Amino acid sequence: MFAEVQCARDDGDPAWLDDLKAVVGESGLSTAFVDRLAYARDRTPLATFHVRSGKPLGQLPVAVATPQSESEVAQIFALANAHGFAVIPYGAGSGVVAGAIPVENTVMLDLKRLNRFVELDEVNGLATVQAGMNGARFEALLNARGWTCGHYPQSIRMSTVGGWAACRGAGQASSRYGKIEDMVVGLRAVLPNGESLEVRPLPRRAVGPGLRDLFVGAEGTLGVITEMTLRIWREPEVRRPLVLAFPSLDHAWSALREMMQAELRPEVARLYDETESHERTHGEGPFARNPVLCILVFSGKAALAEVEERLTREICVAQGAVVSDNLAPYEHWLKSRFISYSPRYQAKRHFMDTIEITGRWSALPQLYQRIGAAIRELHPDVFFGTHWSHVYPEGACQYMTIRLPILEDEEGLRLHAEVWQRAQSICLELGGSISHHHGVGQLRNPWMRGELGAGQDVLQRVKDALDPRNVSNPGKLALRPRETNDNG
Ligand SMILES: Cc1cc2nc3c(=O)[nH]c(=O)nc-3n(C[C@H](O)[C@H](O)[C@H](O)COP(=O)(O)OP(=O)(O)OC[C@H]3O[C@@H](n4cnc5c(N)ncnc54)[C@H](O)[C@@H]3O)c2cc1C
């Protein structure tokens, strides 16, 4: 993989690099500066701000290894324990909370060569895939056989199936198919001590706490997911979009809550605040009087989708919504659903970020108003837009886009840190969760104690038991960072 850019080893390189090369082969290991630099960051906006100023956020890794088998992953962990280097799993580096940012003495473990489609089990509706497979490729392979995974994150083209699970991610169809933790039925993983573990894919069990969740959401801190078996679905017969104009957010929240509690399950449910609605509707047509945009898509069996759509319309109309006969906002969303607009602003030196939290329906109005007010008062030219695109019977994910203007680094970084501090602490104060699907990485470390309370100590004890040398993605999830003497 790296043969073209390989550089000779420096005299100062650690001797264990030869052992590593013996495991993954010449083409599976790079110590070239250009690769180490490329893997020194993921898509975290803070990392981008640092890179554009020429001051990387993390350390340069010692090397990048690309194993081709679970056994190679296990051998790399054995070496890490013997020599004291850190191992950071790397899917596609699309994470946005600094989960794959290297620490001192790190080997980045790029999993993209673990990318085999292992099995399509059409009788049981299950697909087994190696963790490093690209998300869009996985979905395309399923579609070719008439199936879908039902997990479509905006980053589907630039993320891996293993990364989805490691971060406990959510796709745009989560209101129908659930989050990734609702889809992972079984998995294989390598523990930090090099042992392999299989959680067999079975339809529910009552055999103690689910070991699957040691890995789903652990962001590589408790080992590496190498293979997953996912619940899959027949491709829907129909998709029925509905574009609605609500008089206010309160009316729209009530309608979505009623819809979910009535067991109606749209594939897509996207509600935008007035700022984001206006960007998509320009206040035209029914949006002149009803400024709040909501897009719903009902899918599945034609007859069922038709009934779900009709019942939902009734709920929405009773809440004052007007059904728009112009589907342009839906069509625009469909066309741009996998495109990110952040790089365009980041390249112009804006300080732009997104923060996703989750709260119960009863808390949403306060979560929206208080966080919005706290962020708007930071700067007269800050953009603050919000949408709710993952809805549940008990609440929803609040996804906020914050764009600070072009600023000097010192001021931009200070205000950016303040944005996070305000959003996360108000969220905790109002009983929400600090993350719905991006995860914790190291960016959210300061708020993990507030999130988990004594649970943070439980998590640390689990980590200490499974990874006593602290080699597997140390310092993330607010777990103990590496000490100098961990470094072998
Ligand atoms: C433009 C954009 C849009 C996004 N949209 C969404 C979205 O709609 N929904 C969503 O959920 N997320 C979204 N994200 C966030 C990100 O894409 C997801 O978190 C994704 O799941 C990360 O996958 P990855 O393969 O790129 O993982 P990476 O970024 O490489 O890694 C993320 C974390 O998981 C760990 N990890 C990766 N693979 C494994 C493995 N096999 N075993 C153990 N640990 C592992 C890493 O060590 C790291 O801590 C978006 C990001 C961007 C940049």
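Taken together, the values in this text are just the output of simple stated rules run on the coordinates, not laboratory data. Worth saying up front: this structure is predicted, and the values here are computed from it rather than measured. Glycine gets a Cβ as well: all are built from the backbone with ideal geometry, and neighbour counts include every protein chain shown.
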Checklist entry - Could you list, in sequence order, the residues of region 135-170 that are more than 21 Å from PRO89 (Cβ to Cβ) and within 11 Å of the ligand (Cβ to nearest atom)? => result TYR152, GLN154
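Give, as residue ranges, the helices (runs of 4 or more DSSP H) completely inside region 407-487 that count at least 2 residues that are buried (at least 23 other Cβ atoms within 10 Å of the Cβ). Quick ask: steps written out before the conclusion?
Numbers: elements: 409-429, 448-452, 455-466.
Counting at least 2 such residues, we get 409-429.
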Checklist outcome for this item: Sole miss for VAL216 among (1) in contact (Cβ under 8 Å) with a residue 60 or more places away in the chain; (2) part of a loop (DSSP other than H, G, I, E, B); (3) within 16 Å of the ligand (Cβ to nearest atom) is condition (1)
Item to check | Subset of region 313-363 [within 20 Å of ALA423 (Cβ to Cβ) and among the hydrophobic types (A, V, I, L, M, F, W, C)] | outcome: PHE351, MET352, ILE355, ILE357, TRP361, ALA363
Checklist entry - Out of region 319-364, which residues are within 16 Å of the ligand (Cβ to nearest atom), charged (D, E, K, R) and either surrounded by 15 or more Cβ atoms within 10 Å (Cβ to Cβ) or not in a helix (DSSP H, G or I) (or both)? => result ARG337, ASP353, GLU356
Next on the checklist: Please go through region 411-444 and give me each residue that is without any contact (Cβ under 8 Å) to a residue 24 or more places away in the chain and more than 14 Å from ARG370 (Cα to Cα), ordered by number.
Outcome noted: GLU411, ARG414, ALA417
Checklist entry - For residues in region 175-216 being of a type in the set (Lys, Arg) and surrounded by fewer than 16 Cβ atoms within 10 Å (Cβ to Cβ), which is nearest to GLU227 (Cα to Cα)? => result ARG200
Next on the checklist: Pairs please, first residue from region 47-69 and closer than 26 Å to GLY12 by Cβ and free of Cβ contacts under 8 Å to residues at least 24 places away in the same chain, second anywhere and part of a loop (DSSP other than H, G, I, E, B) and not polar (S, T, N, Q), Cβ atoms under 7 Å, 6+ apart in sequence or on different chains.
Outcome noted: HIS50/PRO56; HIS50/LEU57; VAL51/ARG41; PRO56/ALA40; PRO56/ARG41
Checklist entry - Inside region 27-61, can you point out the residues that are touching a strand residue (DSSP E or B) at 6+ places or on another chain (Cβ under 6 Å) and assigned to a loop (DSSP other than H, G, I, E, B)? => result THR31, TYR39, PRO61
Item to check | Hits in region 377-406 - residues which are within 26 Å of TYR152 (Cβ to Cβ) and exposed (fewer than 15 other Cβ atoms within 10 Å of the Cβ) | outcome: PRO393, GLU394
